[in-house]
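Right, one structure below, let's go through it.
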Amino acid sequence: MTPRRAPVLACSVVGAAVVALDGTVLTVAQPALQHDLHAAVGQVQWTSTGYLIAVASLLVFAGRLGDRYGHRRVFAVGALGFAAASTGIALAPGIGAVIALRVLQGVCGALLQPATLGMLRTAYPPERLGTPIAVRTAAIGLAAAAGPLVGGALVSAYGWRAVFLLGVPPTLAIGLLALATREPNHPRDAARPRDASDPRDGSHPRNAASPRDAARPRDASCPRSAPPAPPAGRAALDPGGALLLAVTLGLLVHGLVEAARPGRTEAGLLACAAAVGAGLLLARHERRTAHPLLPAELLRSRPVVAGLAVLLAASAALFGTLFVATYFLQDVQGLDPLGCALRVLPLAALMVLGAPFCPPLQRRFGPRRTATAGAALLTGGVLLLSRLDAAAGALAVGVSAALLGAGFVTLMVTATSVVVHRAPEAHAGVAGGLQQTAMNIGPALGVATATLLVALVPGGGFVPAHGAALPALTVIAALALPAALALPGAAERQGTRPGPPPPRSARRICVRS
């Protein structure tokens, strides 16, 4: 690893881990926060909902900002803003201030997350992206697993405010580190004019037109050189598309969250229907605008779309399954939170330990076969868990959790590598935003599906063998299989990502009359 890549990897890994840790420790702190601030349950729920809506609605636009202005700068703004918002929440006097600052924290998180992938894409060659992405994934798994334990210890010893102070030092440090790190090979470098002495440039004396050539009339069909296309990184930001996408994703996440709340199903479905309408307007706008927010070359890329589909299905299946399993272990089997965490510990262990093995598997077998094996493991884990009854032992739950962890980490590393690798460098931020969007919408979709189906079987909804939720989530997990089959095969794993066609040579042979 070169000295220039080390700080980039550190910023990417720590930034992604802090966001993952923040999401898990807050769940443990919410009861204490509600009691201390004398807040209603609905208000406390908005500390999570407001954050999710802000993040999901702005991820793609934040990625576009990174493509235009540099991922390092956008990452630094997001990290420093995240630290400031976390400090403000720890000092907040009431629940209203907490909700407002959580929304601000979500905006900063949206700036931070796509840049963690965009910086890797600009710092590492495409064929070497697998290892840093695997390290990033392992850090996310470790942070998510440690969150409840660390959060519980902090809340018990120092109160809920300490949970938000936990992320301030690392985000402040990586924000300052990002400002001090030079961003290598950013697309905008292509826009810099060549030095006048560069022999490859037409301005070099050896290539300059002589007075005789200048006086000679030229055939219009035989230009000396084609004018350079404007660099993709400096394209317009498409504020109209960004607004429509934010409305679409915000309504979708809000609808899924509301659908999972008792008595709010109709409101949630109405918000989802409004999201569909906004999405249709977005599609119409993107087809007509000259500089769309969602580049056509990304949306037409089969590997990129397949990778996003894999991430959406896998995250929906995993988080929906964990939602049901948590209630099964605590409400049906009577375990305390610690005992529940120990039963599913193999999931976190396999995510952390399995991530380093994914890049070698991809290099040997290709993304298609590697992701297909991961999808089979994930589907098998959900299916095995769906067959458990109230008397299920620790071994059966542990094996199911191990399959879930092994399958999900394989899919996450492989699909993320494909999405980032196959995206042109000029659109690395948008690709990272789409990847993070899939990883945010998937869990909301999975939990909403599980909640609705559990309500259909009031007597045994949380007993997997007697309910309808886990069989449905097994089907969702199985949807990752056809998506995985659409990923590149072993012969294509070294292929280049989509990009503009190579420019024609400036020296054309012309026949003059």
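The values are calculated or read from the model by the stated rules, or taken from the named source; none is laboratory data. All figures in this text were calculated on a predicted structure; none of them were measured in a lab. Here Cβ is always computed from backbone atoms with ideal geometry, including for glycine, and neighbour counts include all displayed protein chains. Just the protein is used for accessible areas: all its heavy atoms, side chains included, with ligands, DNA and RNA removed. Shrake-Rupley method; radii C 1.70, N 1.55, O 1.52, S 1.80 Å.
Please state the charge dipole magnitude for region 326-391, taken about the Cα centre, from unit charges on C-beta atoms (+1 on K and R, -1 on D and E), reported in debye and rounded to the nearest 20. Provide the component values of the computation, followed by the final result.
On the way: 6 positive and 3 negative charges, 122 e Å.
Its charge dipole is roughly 580 debye.
Give me the accessible area per residue for region 250-343, probe 1.4 Å, as a whole number in Å². Walk me through the numbers before you get to the answer.
On the way: 4590 Å² over 94 residues.
On a per-residue basis, 49 Å².
Could you tell me which of rounded, prolate or oblate describes region 253-353, using a ≥ b ≥ c as the square roots of the eigenvalues of the alpha-carbon gyration tensor, with rounded for a/c under 1.5 and, failing that, prolate when a/b is larger than b/c and oblate otherwise? Walk me through the intermediate numbers first.
Values: a/c = 4.74, a/b = 1.67, b/c = 2.85.
Here region 253-353 falls in the oblate category.
Between ALA283 and ALA465, what is 0.36 nm times their sequence separation minus the Cα-Cα distance? Round to one decimal in nm. Don't skip to the end; give the middle numbers.
Working: separation 182, 0.36 × 182 = 65.52 nm, distance 4.16 nm.
Result for the pair: 61.4 nm of gain on full extension.
Which FRET efficiency value, to the nearest 0.05, do you get for LEU299 and ALA273 by plugging their Cβ-Cβ distance into 1/(1 + (r/R0)^6) with R0 = 25 Å? Walk me through the intermediate numbers first.
Values: r = 23 Å, r/R0 = 0.94.
It comes to 0.60.
Can you classify region 7-140 as rounded, prolate or oblate using the Cα gyration tensor, where a ≥ b ≥ c are the square roots of its eigenvalues, rounded means a/c under 1.5, and otherwise it's prolate if a/b beats b/c and oblate if not?
Numbers: a/c = 2.68, a/b = 2.04, b/c = 1.32.
Taking the square roots of the gyration eigenvalues as a ≥ b ≥ c, region 7-140 is prolate.
Assuming 0.36 nm per residue, please report the length gained on full extension of the stretch GLN330 to SER156 beyond their Cα-Cα distance. Please list the in-between numbers first.
Numbers: separation 174, 0.36 × 174 = 62.64 nm, distance 2.03 nm.
Taking 0.36 nm per residue and subtracting the Cα distance, the gain is 60.6 nm.
What distance in nm lies between label points placed 7 Å from Cα along the C-beta direction at ALA180 and HIS291?
It works out to 3.4 nm between the two label points.
Hey, can you find the accessible area per residue of region 18-93 for me, probe 1.4 Å, expressed in square angstrom? Walk me through the numbers before you get to the answer.
Working: 2660 Å² over 76 residues.
Computed with neighbouring chains in place, this is 35 Å² per residue.
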